[in-house]
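Step one of this worksheet: look at the structure below.
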Amino acid sequence: MNDPRPMPPTPDFDAVIVGAGFGGLYMLHRVREAGFRARVFEAGDGVGGTWYWNRYPGARCDIESVDYSYSFSPELEQEWQWTERYPRQPEILAYLNHVADRFDLRRDIRLETRVTAAQFDEAAGLWRVETDRGERCTARYCVMATGCLSVPKAPELPGIERFAGATYLTAAWPRDGVDLTGQRVGVIGTGSTAIQVIPQVARQAAHLTVFQRTANFSVPARNGPLPEGEQQRIKAGYRERRALSRQSLFGIPVALPDTPRRTRDIPPAELNQTLEALWAQGGAMSLLAATPDVLMDPDANTRVAEFVRGKIRATVKDPRLAELLCPSTHPLGTKRLCLDSEYYETFNRDNVTLVDLRATPIQTLTEHGLRTTAAEYPLDALIFATGFDAMTGALLAIDIRGRGGRSLGEAWADGPHTYLGLASAGFPNLFLITGPQSPSVFTNMVMSIEQHVDWIADCLDYLRAHSIARIEAAAPAQADWEAHVAAVADATLMPQADSWYVGANVPGKPRVFMAYLGGLGPYRQRCDQVAAQGYAGFELSPAPTTV
Ligand SMILES: Cc1cc2nc3c(=O)[nH]c(=O)nc-3n(C[C@H](O)[C@H](O)[C@H](O)COP(=O)(O)OP(=O)(O)OC[C@H]3O[C@@H](n4cnc5c(N)ncnc54)[C@H](O)[C@@H]3O)c2cc1C
């Protein structure tokens, strides 16, 4: 029987991809390889995403370079030489520019173009996309590669308009750098970014004042050059290393122990020896993977946290300062565990002051500095390392409208609703790369991005091969997934912290734990199973047949 619906019109593109970071670049490569016509829109004037925007001093990744890199091309893996164990921002940006050139991606990328709206035209079965340049186009599929940490949180301080000094946002750092030599500098924030910035600024500034609301746990990176011999050895075994990462919890090559022992069953001397070895080796994720229950069992967490607090006390000479720097408001790992190069050591310098904003809250910025309830701190420059509207910020900044004209903002008013973090009911043919309720920020994100991109590209292939016009997350499957995500999170200590994982850093944001904590390997298996079952949990609508 013939379908009375008209054939869908031919769209301008098969897929529009929003964002040109790790996610958008690889998505473009995959869909083009599969013969789809695609267009990427990117707000910045270059590719690179996170590594294009975040140019602050000390910016580097906290996953080892050989793992925080694409695995899809063995040739790329072999030819690119990393110089350091944890590369700096310029090196990661150079890598992503190399990828854009090597795979000839630039011709399909529109830079300096922000997508402002994407509306699903139900009759045509197409997404209508609008940009801030007034461009309009249509696409069968819309892939959001907009990033989990791409919308910086604007600083909210009384008196900010009065401050006569310079202000800098770490996530929008001036491209030509900033010379802070001889200046009195303040840093607001003590999260991952601030922990990278502070040691660097302390070396330049005449005086650095760190304004701390919440002390965070940080682990030494033990960064250094990546010797050629070691890199060659890793490259020789890359396939095995990547396979291990793909099946791991965090997307790094650490195997799950065959018979995990609970921390309480590990004799204290043995646990201490393990933690000492990990501390000496450096790396945040491996410390979290040290025992299987560190994020589950309060006693286990306290034992590891107390080990880290001991290290802080041993490093910071002034015992009063050391206590201020010892985190006490949240279990270890429930806020992003930071990686540093001489963070705690920085507080031994004569030109660094730590201000405890819990004891003496900020009153106002003045013309010449910052006043707390206890004192006024004169400043020439103030750096805001105040974080991001994480996970949902970039998505909700676009006027995305699905079936019935319903906006994503309405659909997600009480928090994100997704199936596998890949799609959301009511929004056909819309895909999210590392969307909320996927492992995303709780992993080596390049591994998670590749997994999502591969899954989406395979899905588009399947839809084409089976003449399916629409795919949409089914509401019951979505509800089941969300219940599972919440149950896994609730079995851990993670929801306890006022972290950006729960949106606590953005006033008015619904408090929902936004990442999937079941581990990348198990999650991958689940996604593969869904695909193998003909996209179970999705509603697929066939394309109308021709007369
Ligand atoms: C300072 C910092 C350090 C980090 N370190 C690590 C690390 O060590 N390990 C790790 O795993 N992860 C880290 N991350 C997370 C990092 O974001 C990911 O690893 C990865 O770079 C994300 O890539 P992406 O392509 O998904 O998103 P992004 O790199 O954020 O790229 C998204 C792009 O989309 C663009 N965009 C957004 N909205 C629009 C729109 N409406 N129209 C057009 N363009 C738009 C943005 O301009 C941006 O360029 C870090 C993040 C930050 C901020």
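Observations on the model:
- Region 179-196 residues that are within 20 Å of Tyr501 (Cα to Cα) and β-branched (Val, Ile, Thr), paired with ones that are within 11 Å of the ligand (Cβ to nearest atom) and part of a loop (DSSP other than H, G, I, E, B) (beta carbon under 8 Å, 6 or more apart): Ile188/Ala385; Thr190/Ala385; Thr193/Asn54; Thr193/Tyr56; Thr193/Ala59; Thr193/Ala385; Thr193/Gly387
- From Glu156, Glu112, residue being modelled with pLDDT of 95 or more and either touching an Asp or Glu at 6+ places or on another chain (Cβ under 9 Å) or of a type outside the set (Val, Ile, Thr) (or both): Glu112
- Residues in region 413-443 that are within 9 Å of the ligand (Cβ to nearest atom) and buried (at least 24 other Cβ atoms within 10 Å of the Cβ): Ile433, Thr434, Ser440, Thr443.
- Applying the criterion of being under 13 Å from the mean Cα position of the chain (by Cα) and assigned to a loop (DSSP other than H, G, I, E, B) to the residues of region 384-412, the residue that is surrounded by the fewest Cβ atoms within 10 Å (Cβ to Cβ) is Asp389.
- Residue that is surrounded by the fewest Cβ atoms within 10 Å (Cβ to Cβ), among those in region 69-114 that are over 20 Å from Ala457 (Cβ atoms) and β-branched (Val, Ile, Thr): Thr83
- Residue under evaluation Ser65, criteria (1) within 14 Å of the ligand (Cβ to nearest atom); (2) in contact (Cβ under 8 Å) with a residue 60 or more places away in the chain; (3) polar (S, T, N, Q); (4) surrounded by fewer than 19 Cβ atoms within 10 Å (Cβ to Cβ), criterion not met: (4)
- Here Val254, Val197 are screened, and the one residue that is farther than 27 Å from Glu450 by Cα, of a type in the set (Val, Ile, Thr) and in contact with a helix residue (DSSP H, G or I) (Cβ under 9 Å, 6 or more places away or on another chain) is Val197.
- Options Asp414, Asp340, Asp399; residue that is charged (D, E, K, R), touching a residue at least 60 places away in the same chain (Cβ under 8 Å) and closer than 30 Å to Val185 by Cβ: Asp340
- Taking region 130-245 and the strands (runs of 3 or more DSSP E) fully enclosed by it, the elements with 1 or more residues that are away from the ligand (no atom under 12 Å from the Cβ) and more than 30 Å from Leu28 (Cβ to Cβ) are at 166-169, 184-188, 207-212, 218-220.
- Of the criteria (1) hydrophobic (A, V, I, L, M, F, W, C); (2) crowded, with 17+ Cβ neighbours inside 10 Å; (3) touching a residue at least 40 places away in the same chain (Cβ under 8 Å), which one Ala280 fails: (2)
- Of all residues in region 246-272 being among the charged types (D, E, K, R) and in a helix (DSSP H, G or I), the one that is modelled with the highest pLDDT: Arg246
- Filter result for the condition that a residue is under 23 Å from Trp173 (Cβ atoms), among the small types (Gly, Ala, Ser) and away from the ligand (no atom under 16 Å from the Cβ), over Gly387, Gly402, Gly393, Gly369: Gly369
- Some residue of region 486-496 being closer than 30 Å to Arg140 by Cβ and either modelled with pLDDT under 95 or in contact with a Phe, Trp or Tyr (Cβ under 8 Å, 6 or more places away or on another chain) (or both): no
- When residues of region 27-38 are limited to those that are within 16 Å of the ligand (Cβ to nearest atom) and under 15 Å from Cys459 (Cβ atoms), the one surrounded by the fewest Cβ atoms within 10 Å (Cβ to Cβ): Arg30
- Among the candidates Tyr95, Tyr52, Tyr68, residue that is touching a Cys at 6+ places or on another chain (Cβ under 7 Å) and either of a type in the set (Val, Ile, Thr) or closer than 28 Å to Thr386 by Cβ (or both): Tyr68
- Filter result for Tyr70 (outside any strand (DSSP E or B), farther than 24 Å from Val453 by Cα, in contact (Cβ under 8 Å) with a residue 12 or more places away in the chain and within 14 Å of the ligand (Cβ to nearest atom)): no
- Hey, Gly508 farther than 30 Å from Pro544 by Cβ and touching a strand residue (DSSP E or B) at 6+ places or on another chain (Cβ under 7 Å) or not: no
The values are calculated or read from the model by the stated rules, or taken from the named source; none is laboratory data. As the structure is a computational prediction, the values presented were derived from the model and not from experiment. Using ideal geometry, Cβ is built from the backbone for each residue, glycine included, and neighbour counts are taken over all protein chains shown.
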